[in-house]
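The values are calculated or read from the model by the stated rules, or taken from the named source; none is laboratory data. None of the values given here were measured: they were computed from a predicted structure. Cβ sites come from the backbone with ideal geometry, for glycine too, and all protein chains shown count toward neighbours. Surface areas here come from the heavy atoms of the whole protein model, side chains and all, with no ligands, DNA or RNA. Shrake-Rupley method; radii C 1.70, N 1.55, O 1.52, S 1.80 Å.
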Amino acid sequence: MEESTDTPLWRFSTMKLGGEARRLCQPQSADELIGLIEQLKRNSEPWFILGGGSNTLVSSEGVNGTVIRMTQMTRLATPEPELLIADAGARLPHLAKYAAGLGLSGLEFAVGIPGTVGGAVVMNAGAHGSCMANVVESATVLDCRSGKITEMNNADLQFVYRNSAIDPNTQVVLSARLRLKPGPEEEIKKITQHNEEYRWRTQPLGWPNLGSTFKNPSADKSAGLLLDQSGAKQFKEGNAAVSAIHANFVINLGGASSTEVLRLLRRMQEVVFEKHGLHLHPEWKTLGNFSENLADIWNGES
Ligand SMILES: Cc1cc2nc3c(=O)[nH]c(=O)nc-3n(C[C@H](O)[C@H](O)[C@H](O)COP(=O)(O)OP(=O)(O)OC[C@H]3O[C@@H](n4cnc5c(N)ncnc54)[C@H](O)[C@@H]3O)c2cc1C
């Protein structure tokens with residue numbers, strides 16, 4: 001298992017910001033991960049799970065504990081023709097293309113989501129009218145309190161819009177069983193490619209970001225449109241800015257701090273509340289020690 005101390009985390013977040021983790025561990029197998037968590041529990045040390053870091057705002061003040069990064073656990077298996085089993089660290093874009101190459105349909109939506117299978121199960125990641133809930137048959141989950149490994153089926157996972165029943169503070173997704181449908185390979189590849197190209201047209205992919213900042217307040221109200229109508233595309237705090245391409249994307253112009261990003265999030269929430277009377281809730285998770293009060297942004301009512 002790769003291990004290091006006082007490790008800068010900005011490299012492991014798609015936002016390219018974040019201070020140091022006191023310790024970073026990157027297990028390569030479920031056995032290594034289980035051994036590590038047992039050891040941390042014995043020593044009563046805090047630990048945090050990180051996937052691809054594509055939906056997590058890492059504090060510039062760093063993380064006082066062990067960050068367990070899952071991206072080295074990447075095995076894929078197809079024990080049945082329509083069943084793909086993917087380790088938690090496998091990346092969705094790779095998985096979507098792998099499935100397309102096998103003539104399996106169901107993951108076309110995931111090609112532009114730069115996260116891991118574990119993070120995608122936790123967040124019920126979705127796009128282009130589909131989401132993980134439609135393909136996950138079950139997930140193998142370590143319950144860190146009891147040390148037991150259980151198979152949680154689709155109903156147990158309680159998928160809802162950008163959330164699931166998995167609590168990353170006490171549960172770790174080790175792998176997921178994805179039930180796909182056979183189809184014409186060329187057609188599946190075409191849709192996958194179309195979805196990938198659509199991203200390049202509509203999202204600021206040249207700048208470090210964490211995808212959508214806020215959840216849509218309802219199925220017929222898009223956070224991006226509300227922000228755009230409220231004039232948020234002009235907003236900037238230090239080196240963090242709202243993207244001119246997509247008002248629900250915050251970009252790092254280079255050297256942004258988590259404090260600047262949080263200030264921007266507050267302004268975005270305030271302007272939408274002022275203009276539309278709606279409180280936007282962040283989609284992102286946070287990692288590390290923040291001096292600011294996060295509760296008003298994550299739970300508040302503006
Ligand atoms: C350019 C861009 C486009 C995006 N587009 C979309 C989109 O279209 N749709 C969408 O839904 N999201 C999108 N996202 C957001 C993000 O990619 C997804 O939410 C993704 O599922 C997060 O996966 P991750 O591995 O990066 O998670 P991380 O950010 O690393 O973690 C997210 C949460 O999951 C937990 N976690 C991670 N792995 C595990 C595990 N194995 N077990 C338990 N807990 C775990 C973490 O502790 C954290 O709480 C986008 C992001 C970017 C940067």
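Remarks
- For first residues located in the stretch 163-191 and farther than 23 Å from ASP31 by Cβ and of a type in the set (Gly, Ala, Ser), partners that are open to solvent by 30 Å² or more (accessible area, probe 1.4 Å) and away from the ligand (no atom under 16 Å from the Cβ) and lie 6+ apart or on another chain with Cβ distances below 7 Å form the pairs GLY183/SER105.
- Taking the criterion of being modelled with pLDDT of 95 or more and either open to solvent by 70 Å² or more (accessible area, probe 1.4 Å) or part of a strand (DSSP E or B) (or both), the residues of the stretch 245-262 that qualify are PHE249, VAL250, ILE251, ASN252.
- The stretch 267-288 - residue that is outside any helix (DSSP H, G or I) and open to solvent by 70 Å² or more (accessible area, probe 1.4 Å) and, of those, nearest to GLY19 (Cα to Cα): LYS285
- The residue that is nearest to GLY129 (Cα to Cα), counting only those in the stretch 179-212 that are part of a loop (DSSP other than H, G, I, E, B) and within 10 Å of the ligand (Cβ to nearest atom), is GLN203.
- Within the stretch 144-157, being within 21 Å of CYS131 (Cβ to Cβ) and in contact with a strand residue (DSSP E or B) (Cβ under 9 Å, 6 or more places away or on another chain) holds for GLU151, MET152, ASN153, ASN154, ASP156, LEU157.
- Counted residues, the stretch 138-173 - those being part of a strand (DSSP E or B), surrounded by 17 or more Cβ atoms within 10 Å (Cβ to Cβ) and away from the ligand (no atom under 13 Å from the Cβ): 1
- Filtered residue count, the stretch 108-137, keeping only those that are open to solvent by 60 Å² or more (accessible area, probe 1.4 Å) and within 10 Å of the ligand (Cβ to nearest atom): 2
- For TRP207: the one exception among (1) over 27 Å from GLY65 (Cα atoms); (2) open to solvent by less than 60 Å² (accessible area, probe 1.4 Å): (2)
- Answer residue from the stretch 64-84, given it is open to solvent by less than 40 Å² (accessible area, probe 1.4 Å) and closer than 18 Å to ALA96 by Cβ and is nearest to the ligand (Cβ to nearest atom) among those: THR71
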